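The values are calculated or read from the model by the stated rules, or taken from the named source; none is laboratory data. Values in this document were obtained by computation on a predicted structure and should not be read as measured data. Every residue, glycine as well, gets a Cβ built from its backbone with ideal geometry; the counts of neighbours run over all protein chains shown. To get the accessible areas, we keep the full protein, side chains included, count just its heavy atoms, and leave off ligands, DNA and RNA. Shrake-Rupley method; radii C 1.70, N 1.55, O 1.52, S 1.80 Å.
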Amino acid sequence: MKYRSTTGKSQEVSLEEAVVKGLAPDNGLYMPLSFPELPKAFFDKLPEMSLPDMAVEIAQALFGEDVDKSALNELTRETLNFSIPLVKVDENKYSLELFHGPTLAFKDVGARFMARLLGYFNRDNKDRLVNVLVATSGDTGSAVANGFLDVQGVRVFVLYPKGKVSKIQEAQFTTLGSNIEALEIDGTFDDCQALVKKAFLDEELNQKMMLTSANSINVARFLPQMFYYFYAYAQTVKAGANPDNIVVCVPSGNFGNITAGLIAKKMGLPIKRFIAANNANDIFFNYLRSGEYVPKSSVQTIANAMDVGNPSNFARILDLYESSHKSITEEISGTTYSDKEIADTLRKTYKDKGYLLDPHGAVAYRALEENLRPEETGIFLETAHPAKFKETVEGIIEKEIEIPSKLQKFLEGEKQTTPLLADFNEFKNFLIKSIN
Ligand SMILES: *Cc1c(COP(=O)(O)O)cnc(C)c1O
């Protein structure tokens, strides 16, 4: 399968090149040239299949031309070595718990897959050193750092906004050492993202070192997220839902996660419609209403992994729907909630249903509560474990919550980080110095 740029001004490339480059040279995002439709036989047996078994078939359809079959099977199964349970929260609302991986957030899936795929591509290039640059508002950094820890031929630079990620999130990428380097940027997440984007476009840097991204702009990060949409759909049908009335609600920031779902639908998964749930960063919500996309600076919220003012994957959504506002609004609706609304939902769901949401899941749950029609069944993606946002969640429910041992382990490590200004020249000099 070849990959093309959404901007359409650069050449089609192989999967390996798309993964190693991250962003296309024309500043566009890579998309698969076509979306293989999965056969009817696959859908018929879906409810009986395990998550790894269905993931292997989806991976074969997408990446089978580019990766040796047994290697692809192995890396797909390794990626998914934890469970993704579907939990009933209310009569017609289900939580897809994506927080049972090593860093307790959904990004583990994409990051683990990408790290293994890059390791596979590096096997014949023993001298190659790939530098992964990743801007994070919290969860990406931890998932990518842990996914790539000790992968041969890869170095990871995690850029995060000073004072704007939770203690636990920070510990998950600043205490690893080895091939993982944390950079504390004196600025916002958008500043971090802008530094990374600039680095990819800087000729001198790209001559001196191989740079790639592990943000959801990378095809190897966002496409594997498709696996769990198939699984969630199948489990919901198995639980008795009407297969024609399944709605998926995705708490969205950079819109990589929801884009993977939209592509799953393109490949034949009959999800009826999607809801993109936003916090106060309402750029997409406004686009749905007005047809105009107006990026703005991100504002800080209690669902901080969604504090994004210019979502990168918007370009992919436009591309999927040929820029038709009408087609987009037919399949996707949007919501936006204030911190107070998020907190109220978290508190109330805990009290009334006995289910503890994290702030991101709370955004999505509220969107289902307000938008689900009586004949529909809703799945929301619970993207992180509530303990990742311990202070916030405890403040809301006025009760202490336990930190899972997987997280506790990170807090015991020693923090190592390099402070940098949100200044491209300073960042560039730092990278160049790091070569030696
Ligand atoms: C990253 C993240 C999101 C947003 O996902 P996108 O793919 O960027 O839209 C939502 N919730 C949590 C917990 C996250 O870490």
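Which ones in region 406-430 are part of a helix (DSSP H, G or I) and closer than 19 Å to Leu176 by Cβ? Of everything in region 406-430, those that are part of a helix (DSSP H, G or I) and closer than 19 Å to Leu176 by Cβ turn out to be Lys406, Leu407, Gln408, Lys409, Phe410, Leu411, Phe430. Being surrounded by 22 or more Cβ atoms within 10 Å (Cβ to Cβ) and assigned to a helix (DSSP H, G or I), is that true of even one residue in region 175-188? No.
Quick one: would you say Gln193 is over 17 Å from Met114 (Cβ atoms) and surrounded by 22 or more Cβ atoms within 10 Å (Cβ to Cβ)? So Gln193 fits the description; yes.
On the stretch given as region 235-261, residues that are surrounded by 24 or more Cβ atoms within 10 Å (Cβ to Cβ), part of a helix (DSSP H, G or I), touching a Leu at 6+ places or on another chain (Cβ under 8 Å) and of a type outside the set (Ser, Thr, Tyr) total 2. Against the conditions (1) crowded, with 19+ Cβ neighbours inside 10 Å; (2) within 16 Å of the ligand (Cβ to nearest atom); (3) part of a helix (DSSP H, G or I), Thr349 satisfies every one except (2). Where helices (runs of 4 or more DSSP H) fall entirely within region 271-345, those with at least 2 residues that are within 14 Å of the ligand (Cβ to nearest atom) are at 283-290, 314-320. Here is the figure for region 25-44: residues that are surrounded by 13 or more Cβ atoms within 10 Å (Cβ to Cβ) and either more than 30 Å from Thr6 (Cβ to Cβ) or of a type in the set (S, T, N, Q) (or both) total 1. Considering Glu391, Glu370, the condition of being closer than 28 Å to Asn92 by Cα and assigned to a helix (DSSP H, G or I) is satisfied by Glu370 alone. Being at pLDDT below 95 and small (Gly, Ala, Ser) is the filter; apply it to region 284-337 and report the residue that is most open to solvent (accessible area, probe 1.4 Å). Once the filter is applied, the top-ranked residue is Ser297. If the condition is being more than 20 Å from the chain's Cα centre (by Cα) and open to solvent by less than 40 Å² (accessible area, probe 1.4 Å), then region 6-24 contributes Ser10, Val13. Here the strands (runs of 3 or more DSSP E) wholly within region 43-138 that include at least 1 residues being among the acidic types (Asp, Glu) and within 16 Å of the ligand (Cβ to nearest atom) are 93-97.
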